[in-house]
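Below: one structure, written as structure tokens.
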Amino acid sequence: MLGRSLTAARGFCTSNSDKIVASVLFERLPVVIPKIDPVVYAFQEFSFRWGQQFRRQYPDEFLKKSDARGKGDYQIDYVPAPRVTEADKSNDKRSLQRALDRRLYLLLCSKAYGAPNGKPVWHFPEKVYESEETLRKCAESALQSVLGDLSHTYFVGNAPMGHMVIQPTENAHDLQPLKRFFFKSQLIATNKFKIEKCDDFVWVTKDELLEYFPEQADFLNKMIIS
Amino acid sequence: MMRIIDFKRLKSLSSSVDFSPHQLIQRCSVSGTSKGKAKVKGGQTLKRSKVSTKKGKTTEPTEKPKGRRTSEYEKMVRDCLDASAPVRHLKPKEIAREAEREKMGLISKERAKEIEMMKKKKSESESGSPAIMGTPGLDLITLGLVDAEKIPKYELTVEDGRRLAKEYSRVLMRKHRARQAAESTLLRLKKEAIEALPENLKGAALVPDLTPFPVNRFMATLTPPIEGHFEKINEAARKSSVKEKLR
């Protein structure tokens, strides 16, 4: 288990000449509870109806007494908002209102470090580690450069949640193996976000995320639960 | 003191609670002291067990419309107190006793009501639509949380109940095990990542982060939040409270 990285099968111990990149998995937690399995609902309904059989049936006029509105109560009827928003129907990947019952992850598109030939590539917000105090601070500065300020972010813990060792294959650019450490951070308390310093950004669910990174699909599958 | 009878769980999946007037008789004193013991006589009905409507008794002969309303009120109260369940829960001893009594020709009031209801049910047809759980606008089916078509069909029998319970437990256990496996994978990946860090950063990463969680983290709810709704409600509440002060 020790030293077994998941993309390349090299069992080196860490040498200080490796380039270390701190990248951030920025997620928006689900806003709505997920769909309920019909089997589960069937059982709940069955137990409810079974129990109702043995409960006293009070006369309807007694039960309707609670519907009488008192004087001075504000008469605003609550109409619940739909769970499938317009962003869902239009599949607008840039809005945060899209898949409300799932987690959304941030992806940027720009000329990333370690990308072949400087072409814009989809990647997580990341920064090369250069002698800061901790790797988490490096990750925070990475996120700060993208978002502007860190007031609505929350970094979960000091330790990274996973790492990837990327061996450069055909490229003449970076001959050093690259180690990418992922830090988890969560979005708090806003609906809209201004993302600068990149050509494009997307908020994606887990399945779409796996499409964006086909080679690292199983590693990402393990690292991200839903 | 009210005593709740616990029915043994026989074949039904739930226990029922049956209140009848004879249980409201005070059998022992409630206070821990000897104060007031002289007042309690065994077998006396508690004062609060009677719903007394003095209005109805005095005003009935004088004002007709008020009397009618109070008698409606009394009728509703009587209906509530005499309300019975659609299906009576009987232990096997009680079932045997009722059968014997019927042979002798004595039928209890509840048994008579049951026979009437069975006759009515035979003449009427059953309502086929699935029973709505919870408040009409906000139950799970209309909100889109459950697909109404995929719910398996079942009757209200014990075997179907057992089958449904088995499937329910199967589904939930599968999900639980998957979640536990995923969480342990997460932990394993985290440990590997920490091992892969260079020495100077490893120490910092191993320090547990004890800063408290953010208080304003949004908790997932049934429906998404409506923008501006909270302010509207506050406005309306403030306005209504202002009105009351003027009066």
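The values are calculated or read from the model by the stated rules, or taken from the named source; none is laboratory data. Bear in mind that the values here come from a model prediction, so they are computed numbers and not experimental data. Every residue, glycine among them, receives a Cβ derived from its backbone with ideal geometry; neighbour counts consider all protein chains shown.
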When residues of region A:200-226 are filtered for being within 17 Å of A:Phe182 (Cβ to Cβ) and assigned to a loop (DSSP other than H, G, I, E, B), how many remain? 6
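Yes/no per residue for (1) modelled with pLDDT of 85 or more; (2) small (Gly, Ala, Ser); (3) within 31 Å of the chain's Cα centre (by Cα):
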site: B:Met173; (1), (2), (3): yes, no, yes
site: B:Leu187; (1), (2), (3): yes, no, no
site: B:Ala193; (1), (2), (3): yes, yes, no
site: B:Asn200; (1), (2), (3): no, no, no
site: B:His229; (1), (2), (3): no, no, yes
site: B:Ala237; (1), (2), (3): no, yes, yes
site: B:Ser241; (1), (2), (3): no, yes, no
site: B:Glu244; (1), (2), (3): no, no, no
Inspect region B:145-160 for any residue being modelled with pLDDT of 85 or more and surrounded by 14 or more Cβ atoms within 10 Å (Cβ to Cβ) and give the result as yes or no. yes
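Select the helices (runs of 4 or more DSSP H) contained entirely in region B:28-126, then report the ones holding at least 2 residues which are modelled with pLDDT under 70.
Working: elements: B:54-59, B:64-81, B:92-104, B:109-123.
Output list reads B:54-59, B:64-81.
Filter region B:174-191 down to the residues that are among the hydrophobic types (A, V, I, L, M, F, W, C) and within 9 Å of chain A (Cβ to nearest Cβ) and list them by number.
Taking region B:174-191 first, the residues among the hydrophobic types (A, V, I, L, M, F, W, C) are B:178, B:181-182, B:186-187, B:189.
Once the filter is applied, which keeps residues that are among the hydrophobic types (A, V, I, L, M, F, W, C) and within 9 Å of chain A (Cβ to nearest Cβ), region B:174-191 yields B:Ala182, B:Leu186, B:Leu189.
Using the structure shown, decide if A:Gln97 is surrounded by fewer than 18 Cβ atoms within 10 Å (Cβ to Cβ) and modelled with pLDDT of 80 or more.
Details: surrounded by fewer than 18 Cβ atoms within 10 Å (Cβ to Cβ): yes; modelled with pLDDT of 80 or more: yes.
The answer is yes for A:Gln97.
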Return the total of residues in region A:19-57 being over 27 Å from the mean Cα position of the chain (by Cα) and more than 7 Å from chain B (Cβ to nearest Cβ). 2
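From B:Ser184, B:Ser240, grab the single residue that is touching a Gly at 6+ places or on another chain (Cβ under 8 Å), in a helix (DSSP H, G or I) and without any contact (Cβ under 8 Å) to a residue 60 or more places away in the chain. Can you show your working first?
On the way: B:Ser184 fails: touching a Gly at 6+ places or on another chain (Cβ under 8 Å).
Going through B:Ser184, B:Ser240 in turn, just one is touching a Gly at 6+ places or on another chain (Cβ under 8 Å), in a helix (DSSP H, G or I) and without any contact (Cβ under 8 Å) to a residue 60 or more places away in the chain: B:Ser240.
Can you pull out the residues in region A:56-76 that are in a loop (DSSP other than H, G, I, E, B) and at pLDDT 75 or above?
To start, the set of residues in region A:56-76 that are in a loop (DSSP other than H, G, I, E, B) comprises A:56-59, A:68-76.
Of everything in region A:56-76, those that are in a loop (DSSP other than H, G, I, E, B) and at pLDDT 75 or above turn out to be A:Arg56, A:Gln57, A:Tyr58, A:Pro59.
Check A:Phe48, A:Phe54, A:Phe43 and return the single one that is free of Cβ contacts under 8 Å to residues at least 60 places away in the same chain and farther than 30 Å from A:Pro82 by Cβ.
Numbers: A:Phe48 fails: farther than 30 Å from A:Pro82 by Cβ; A:Phe43 fails: farther than 30 Å from A:Pro82 by Cβ.
None of the other options fit; the residue is A:Phe54.
How about region B:192-233: which of its residues are among the hydroxyl-bearing types (Ser, Thr, Tyr) and within 7 Å of another protein chain (Cβ to nearest Cβ)?
Correct list: B:Thr221, B:Thr223.
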Kindly provide the set of residues from region B:181-195 that are surrounded by 15 or more Cβ atoms within 10 Å (Cβ to Cβ) and closer than 10 Å to A:Pro160 by Cα, ordered by number. B:Leu189, B:Lys190, B:Glu192, B:Ala193, B:Ile194
Have a look at B:Tyr168, B:Tyr154 and point out the one that is more than 30 Å from A:Arg136 (Cα to Cα), among the aromatic types (Phe, Trp, Tyr), at the interface with another protein chain (Cβ under 8 Å from one of its Cβ atoms) and not in a helix (DSSP H, G or I). B:Tyr154
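Taking region B:189-207 as the region of interest, how many residues are aliphatic (A, V, I, L, M) and outside any helix (DSSP H, G or I)? If you could, list the steps in order and put the result at the bottom.
From region B:189-207, those aliphatic (A, V, I, L, M) are B:189, B:193-194, B:196-197, B:201, B:204-207; that's our starting set.
Still in the list and also outside any helix (DSSP H, G or I): B:197, B:207.
Count: 2.
Taking the condition part of a helix (DSSP H, G or I) and either in contact (Cβ under 8 Å) with a residue 24 or more places away in the chain or within 22 Å of A:Leu187 (Cα to Cα) (or both), does B:Leu210 pass?
Numbers: part of a helix (DSSP H, G or I): no; either in contact (Cβ under 8 Å) with a residue 24 or more places away in the chain or within 22 Å of A:Leu187 (Cα to Cα) (or both): yes.
No; evaluated as a whole, the condition is false for this residue.
This table checks each residue for (1) out of contact with any Phe, Trp or Tyr (no Cβ under 6 Å at 6 or more places or on another chain); (2) at pLDDT below 80; (3) more than 11 Å from every other protein chain (Cβ to nearest Cβ).
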| position | (1), (2), (3) |
| --- | --- |
| A:Gln144 | yes, no, yes |
| A:Thr153 | yes, no, no |
| A:Ala159 | yes, no, no |
| A:Gly162 | no, no, no |
| A:Ile166 | yes, yes, yes |
| A:Lys184 | yes, no, no |
| A:Phe193 | yes, yes, yes |
| A:Cys198 | yes, yes, yes |
| A:Thr205 | yes, no, yes |
